[in-house]
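Take a look at the structure below.
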Amino acid sequence: MNVGEGPHRNWDDNRHYGYIGAGQGEKYSRPLKHLNIGDKLFAYMKGIGYVGYGEVTKEASPIGEFIVEEDGKPLLEHSLRAQNAAENQDSLEKCEWVVGVNWLKAFSREEPKTFKGVFANQNIVCKLRDTKTLEYLHGEFVLG
């Protein structure tokens, strides 16, 4: 899964509040709707490397409906670093959509896991099949 950074989303928010998102157009949010509870995902930050490994805990929902597991409050009631996370929240086509994630292992954007030739894909969500990258990530994220 690609991790976007900008006015609508922020990796620090993702880690702290247990989610990952995409949106500002249906072509960006639609792939999130294919993730199911229990799916495992690696989070990749474009041009930087892999920064997280987690398990989906909640299926995709508009950001305005997402409740933070830790405190039971709506995500948008928290102080998010993504300054425009709520933009277009009244439009199902344009709003941010989010998926709940239990981050089993996460690193800051300053500590990405990568190597020369690591698999990267511009799609929001894709199936990771590259053997070399999978072996590397299993080692870096200490997976059983």
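For the range 83-115, which positions are among the aromatic types (Phe, Trp, Tyr) and without any contact (Cβ under 8 Å) to a residue 60 or more places away in the chain?
PHE107, PHE115
Suppose we filter ILE20, ILE63 for residues that are hydrophobic (A, V, I, L, M, F, W, C), surrounded by 19 or more Cβ atoms within 10 Å (Cβ to Cβ) and touching a residue at least 60 places away in the same chain (Cβ under 8 Å); which single one remains?
The conditions single out ILE20.
Looking at the range 2-11, can you tell me whether even one residue there is without any contact (Cβ under 8 Å) to a residue 60 or more places away in the chain and touching a Leu at 6+ places or on another chain (Cβ under 9 Å)?
No.
Within the range 55-79, count every residue that is in a loop (DSSP other than H, G, I, E, B) and closer than 30 Å to LEU143 by Cα.
Number satisfying all stated conditions: 6.
Could you list all residues from the range 3-40 that are touching a strand residue (DSSP E or B) at 6+ places or on another chain (Cβ under 6 Å) and either β-branched (Val, Ile, Thr) or assigned to a strand (DSSP E or B) (or both)?
VAL3, TYR19, ILE20, GLY21, GLY23, ILE37, LYS40 - these are the residues of the range 3-40 that are touching a strand residue (DSSP E or B) at 6+ places or on another chain (Cβ under 6 Å) and either β-branched (Val, Ile, Thr) or assigned to a strand (DSSP E or B) (or both).
Is there any pair with a first residue in the range 27-42 that is modelled with pLDDT under 95 and a second that is in a helix (DSSP H, G or I) whose Cβ atoms are under 8 Å apart and which are 6 or more apart or on different chains, and what are they?
none
If you check SER108, SER29, which single one turns out to be surrounded by fewer than 18 Cβ atoms within 10 Å (Cβ to Cβ) and of a type in the set (Ser, Thr, Tyr)?
From the options SER108, SER29, the qualifying one is SER108.
So which residues in the range 121-138 are polar (S, T, N, Q) and part of a loop (DSSP other than H, G, I, E, B)?
ASN121, GLN122, ASN123
Being of a type in the set (Asp, Glu), surrounded by 13 or more Cβ atoms within 10 Å (Cβ to Cβ) and touching an Asp or Glu at 6+ places or on another chain (Cβ under 9 Å), is that true of even one residue in the range 134-141?
no
So is LEU92 part of a loop (DSSP other than H, G, I, E, B) and either charged (D, E, K, R) or over 20 Å from ILE48 (Cβ atoms) (or both) or not?
Yes.
The values are calculated or read from the model by the stated rules, or taken from the named source; none is laboratory data. These numbers were taken from a predicted model, which means no experiment stands behind them. All Cβ positions, even for glycine, are placed from backbone atoms using ideal geometry, and neighbour counts span all protein chains on display.
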